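Peer 1: Below: one structure in structure tokens.
The values are calculated or read from the model by the stated rules, or taken from the named source; none is laboratory data. Because the structure is predicted, anything quoted here is derived from the model rather than measured. Using ideal geometry, Cβ is built from the backbone for each residue, glycine included, and neighbour counts are taken over all protein chains shown. Quick note on the areas: whole protein, heavy atoms, side chains included, nothing else; ligands and nucleic acids left out. Shrake-Rupley method; radii C 1.70, N 1.55, O 1.52, S 1.80 Å.
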Amino acid sequence: MSSLTFDDLKAQEDACVLPTFDSDVAWELGTLIRTHCRTHHTRPVVVYIAHTNSSQLLFFATSRPGTLPDNMHWVKRKEAVVLRWGMSTLRMRVKMETEQPGTAVQAALKDKFEMQDPSVYGCHGGGFPVRVKGVEGVVGVIVVSGLKQEDDHAVIVNAIREYLEKK
């Protein structure tokens, strides 16, 4: 279970609202994330950023050689969580663990939302909603796959914070 609470994660998301979002912003964020991963982690990761309204891919890169097709599978599962529930994948995980303690997250999803196949959703840290000030809803999705789930999440939050500090 994450050391961050549901409220901690909600506060992070609320603090990471962007002034604008387009392909240039996606490029800057993606580059910050990739650079951080190359500098601070030896494991290869996938960095993926897309618009939510059209699923248009705005940024895709690996941090270094060695990623696997499985990384893209995780990207799509994490993206599905953000698109459906409008929150980070780590916050959704904490929500499921809190609401149904002792139940596996996938089983909790299946029970709570009466799903036939919850495997299309990946409630593991590393999927994050992009929000823009003054715009209702989620406008984009950032996903990192390849590190421990808390690290996948943290590298996104840290990049957004760094980006916002420059603006």
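Peer 1: In the range 9-22, what residues are surrounded by fewer than 14 Cβ atoms within 10 Å (Cβ to Cβ) and part of a helix (DSSP H, G or I)? Let's see the steps before the verdict.
Peer 2: First pass over the range 9-22, keeping only residues surrounded by fewer than 14 Cβ atoms within 10 Å (Cβ to Cβ): 11, 14-15, 19-20, 22.
Within the range 9-22, 11, 14, 15 meet the criteria.
Peer 1: Is at least one residue of the range 49-72 touching a Ser or Thr at 6+ places or on another chain (Cβ under 6 Å) and either on the phi > 0 side of the Ramachandran plot or part of a helix (DSSP H, G or I) (or both)?
Peer 2: Yes: one or more hits.
Peer 1: What pairs can you find where one residue is in the range 2-21 and farther than 20 Å from residue 93 by Cα, the other is open to solvent by 60 Å² or more (accessible area, probe 1.4 Å) and outside any helix (DSSP H, G or I), and their Cβ atoms are less than 8 Å apart, with a gap of 6+ or different chains?
Peer 2: Filtered contacts from the range 2-21: 17/131; 17/133; 18/131; 18/133; 19/133; 19/167.
Peer 1: Do we find that residue 106 is over 11 Å from the mean Cα position of the chain (by Cα) and more than 22 Å from residue 131 (Cβ to Cβ) in this structure?
Peer 2: Yes, satisfied.
Peer 1: Report, by residue number, each residue of the range 24-33 that is surrounded by 13 or more Cβ atoms within 10 Å (Cβ to Cβ) and under 20 Å from residue 53 (Cα atoms).
Peer 2: Once the filter is applied, which keeps residues that are surrounded by 13 or more Cβ atoms within 10 Å (Cβ to Cβ) and under 20 Å from residue 53 (Cα atoms), the range 24-33 yields 25, 26, 27, 29, 30.
Peer 1: Same structure, new question: Looking only at residues in the range 34-68 that are buried (at least 17 other Cβ atoms within 10 Å of the Cβ) and among the aromatic types (Phe, Trp, Tyr), which one is farthest from residue 80 (Cα to Cα)?
Peer 2: Once the filter is applied, the top-ranked residue is 59.
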